[in-house]
1. Of all residues in region 194-240, count the ones that are loosely packed, with under 13 Cβ neighbours inside 10 Å, charged (D, E, K, R) and either in contact with a strand residue (DSSP E or B) (Cβ under 7 Å, 6 or more places away or on another chain) or farther than 22 Å from Asp172 by Cβ (or both).
2. Give the residues of region 265-279 that are at pLDDT 95 or above and part of a helix (DSSP H, G or I), sorted by residue number.
3. For Ser192, indicate whether it is out of contact with any Pro (no Cβ under 8 Å at 6 or more places or on another chain) and of a type in the set (Ser, Thr, Tyr).
4. Where the second residue is of a type in the set (Asp, Glu) and surrounded by 19 or more Cβ atoms within 10 Å (Cβ to Cβ) and the first is under 14 Å from Gln247 (Cα atoms) and lies in region 211-225, which pairs have Cβ atoms under 7 Å and are six or more apart or on separate chains?
5. Out of Gly113, Gly119, Gly142, I need the residue that is buried (at least 19 other Cβ atoms within 10 Å of the Cβ), over 16 Å from the mean Cα position of the chain (by Cα) and of a type in the set (Gly, Ala, Ser). Which one?
6. Is it the case that Lys248 is surrounded by 15 or more Cβ atoms within 10 Å (Cβ to Cβ) and under 14 Å from Phe171 (Cα atoms)?
7. Tell me which strands (runs of 3 or more DSSP E) are completely within region 3-72 and hold 3 or more residues being small (Gly, Ala, Ser) and in contact (Cβ under 8 Å) with a residue 40 or more places away in the chain, or say none if there are none.
8. Please work out if Ala199 is among the aliphatic types (A, V, I, L, M) and in a loop (DSSP other than H, G, I, E, B).
Amino acid sequence: MEKKDTLILAIESSCDETAAAVVKNGREVLSNVISSQIALHTLYGGVVPEIASRKHIEKINYVIQEALDEAGVTLQELDAIGVTYGPGLVGALLVGVAEAKAISYAANLPLVGVHHIEGHISANYIENPDLEPPFICLVVSGGHTHLVVVNDYGKYEIIGRTRDDAAGEAFDKVARAIGLGYPGGPKIDKLSKEGNPDAIRFPRAKVEDNEYDFSFSGVKSAVLNHLNGCRMKGEPIVEADIAASFQKAVCDVLVAHAIQAVKNYKIPKLALAGGVASNSTLRQAMKEACEKENIAFYYPSPVLCTDNAAMIGSAAYYEYIGGSRSGLDLNAVPNLRLGER
């Protein structure tokens, strides 16, 4: 008897993207619809939580219907609903969680709560059919910088995390200081291509008690000090050089820690995940380091690096077949830690 395909409708609303997707067997994306709010939040120089929540409410039904239509699937054909329930902005998360619970109840479908970071890690399964645990994953986004040992599907060990600013957060703050605006990551990536990454030597922080932990507030402060110094002395501010030098400082630390983890844990597979994983300098530096050390390197396309529902569908599939189910009392958990249920 032929094994039945497992179809999951996934919902993601943890920050400023309203997204829905239909994913088959954890790795095949039948639809992936994203309604971004970037243009709206650019007016304010960053994400405004209350506005994000209201926009999610406006868009979510349309986005879900479009995902179902694009996949050619009805609610009756689905096996489960997967939804991000943390971490993220509490109001934004609540919109997705409430929607998922309503559909789960109305269509009598199992509900699977998904950790947002687990979703980012699972994005790698979609485009790399040969990737299976165990592997090391570097998760770099606006809110998170984690170094994770993926022991098995749904089984994670965080070995390194940021002590202060996340890498993406540092990018946004430096972009704002230079005058590039929001969102900072892509703008610094673009501008740095015109600059000299060795023009200014910004610090690479080491955390004494854990070789895998990160700290980016120092490099961010060094950029601000450099800008202030230039202004006080009347020296020219070369924005492209500052962007390139800052980006190199951050990427050097990310690459060094990830490669060290791969060597120490003797798992010759490294994956990138999260919004900053689409940074071209980081990808290139990591690729070169992995080639040199004979490490298999995996990363998702840019569309699967930013927040999307396809990655949530992939994570939900592995949670679902592993027996994980959420009740209708599922709530948003804004500070949810990876590995918690």
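1. 6
2. Tyr265
3. When the stated conditions are applied, Ser192 passes them.
4. Between residues of region 211-225 that are under 14 Å from Gln247 (Cα atoms) and residues that are of a type in the set (Asp, Glu) and surrounded by 19 or more Cβ atoms within 10 Å (Cβ to Cβ), the close pairs are Phe216/Asp165; Ser217/Asp165; Lys220/Asp165.
5. Gly113
6. yes
7. 17-24
8. yes
The values are calculated or read from the model by the stated rules, or taken from the named source; none is laboratory data. Because the structure is predicted, anything quoted here is derived from the model rather than measured. Note that we place each Cβ from the backbone using ideal geometry, even for glycine, and neighbour counts take in every protein chain shown.
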